[in-house]
1. Select the helices (runs of 4 or more DSSP H) contained entirely in segment 87-177, then report the ones holding at least 2 residues which are under 13 Å from the mean Cα position of the chain (by Cα) and away from ligand 2 (no atom under 16 Å from the Cβ).
2. Restricting the search to segment 109-134, which residues are out of contact with any helix residue (DSSP H, G or I) (no Cβ under 8 Å at 6 or more places or on another chain) and within 15 Å of ligand 1 (Cβ to nearest atom)?
3. Filter segment 179-196 for residues that are under 24 Å from residue 268 (Cβ atoms) and within 16 Å of ligand 2 (Cβ to nearest atom) and give the result.
4. Restricting the search to segment 224-237, which residues are within 11 Å of ligand 1 (Cβ to nearest atom) and free of Cβ contacts under 8 Å to residues at least 12 places away in the same chain?
5. Applying the selection to segment 197-227, what residues are modelled with pLDDT of 95 or more, surrounded by fewer than 16 Cβ atoms within 10 Å (Cβ to Cβ) and more than 12 Å from ligand 2 (Cβ to nearest atom)?
Ligand SMILES: Cc1ncc(C[n+]2csc(CCOP(=O)(O)OP(=O)(O)O)c2C)c(N)n1
Ligand SMILES: [Mg+2]
């Protein structure tokens with residue numbers, strides 16, 4: 001479903017921007033854009049079918065492969081944290097379709113601003129998974145070179161990346177580029193002032209940015225009903241740009257809707273809010289215990305809508321994938337898991353003093369003081385160690 005602003009600045013070309021919300025009775029649950037039902041049945045959608053009409057069986061298998069390997073990588077990282085190899089991990093379990101669908105909709109020259117959970121999008125952008133793990137192991141100072149894959153560093157300050165994305169989008173528009181920007185954020189982040197400001201700026205400057213909100217129903221222990229009284233996608237209406245709610249567990253729908261939104265941005269039609277309605281099946285991070293605040297039945301209900309299973313059912317029913325494909329993928333998944341474990345365990349500890357080197361190009365008295373303090377602190381451990389050995 002799409003919601004169009006009454007203050008639209010330009011006539012919209014896409015059929016996907018009709019104003020339809022007013023027809024709904026008050027309080028009704030808005031429809032999701034869905035192309036694959038939870039049972040794996042392909043359903044028609046007059047507005048968005050066109051964006052996946054030419055998808056080949058090979059590309060469908062590719063989406064499936066992306067989701068399976070991302071889930072495996074994520075599970076491996078969770079285990080590595082439990083084994084003390086990573087400091088923390090934020091699992092994406094359940095959100096694979098939202099991330100792979102939207103990630104595969106981006107073009108190489110588009111620019112992505114993630115949160116800390118976008119491992120599937122990082123995968124689509126070609127970021128080496130080892131870099132993600134290095135960050136959560138605390139052995140690199142941020143992760144990767146953002147410009148290598150047009151994939152910005154993970155951002156933990158909730159919502160702030162929507163402002164960075166808006167500024168970046170305003171910049172590329174001024175440069176005359178026909179690429180677009182996509183900013184990821186969560187349902188909890190939607191309450192942040194930064195997100196409200198980015199909506200205002202992007203609307204009034206007509207910035208080529210897609211706001212992709214993964215509504216995974218929870219912001220740590222706060223449910224979405226503590227963030228909003230209206231479905232999140234409807235927020236866009238008040239800012240003057242379209243909002244769409246898509247089934248976030250349907251990889252095809254996420255691909256189609258994100259393509260549509262990115263194309264609008266490229267045509268100079270401004271921002272779009274995409275709300276991918278999904279569920280965080282795991283804990284918020286490895287430091288969280290969701291059994292303290294939510295019922296098991298809730299997770300079980302969402303397991304029935306698993307994004308990977310529904311695409312598998314569709315692939316099998318339409319004869320787009322045979323047993324050989326699934327067996328090969330299983331082997332590839334095992335190999336990825338093994339590689340991830342080996343790579344993480346082999347990561348060298350960084351030089352403890354390197355962090356002081358990049359704060360100022362020409363050095364700074366305060367940094368010198370802090371370095372000296374840190375050196376003294378480190379030395380106190382060395383004394384203890386020696387004491388034990390003697
Ligand atoms: C500005 C700011 N406030 C609070 C936090 C602590 N914090 C980390 S994650 C989180 C919840 C975010 O929820 P949501 O936006 O729904 O994203 P999700 O983790 O569910 O993907 C909070 C409050 C933070 N990192 N930054
Ligand atoms: Mg959330």
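1. Values: elements: 96-105, 119-125, 129-137, 146-149, 160-175.
Ranges flagged: 96-105, 119-125.
2. Correct list: 116, 117.
3. Residues of segment 179-196 under 24 Å from residue 268 (Cβ atoms): 179-185, 195-196.
Scanning segment 179-196 gives 183, 184, 185, 195.
4. The one that is within 11 Å of ligand 1 (Cβ to nearest atom) and free of Cβ contacts under 8 Å to residues at least 12 places away in the same chain: 226.
5. 197, 200, 204
The values are calculated or read from the model by the stated rules, or taken from the named source; none is laboratory data. On a predicted model such as this, the values are computed, not experimentally measured, just so you know. Note: ideal-geometry Cβ built from the backbone for every residue, glycine included; neighbour counts use all protein chains shown.
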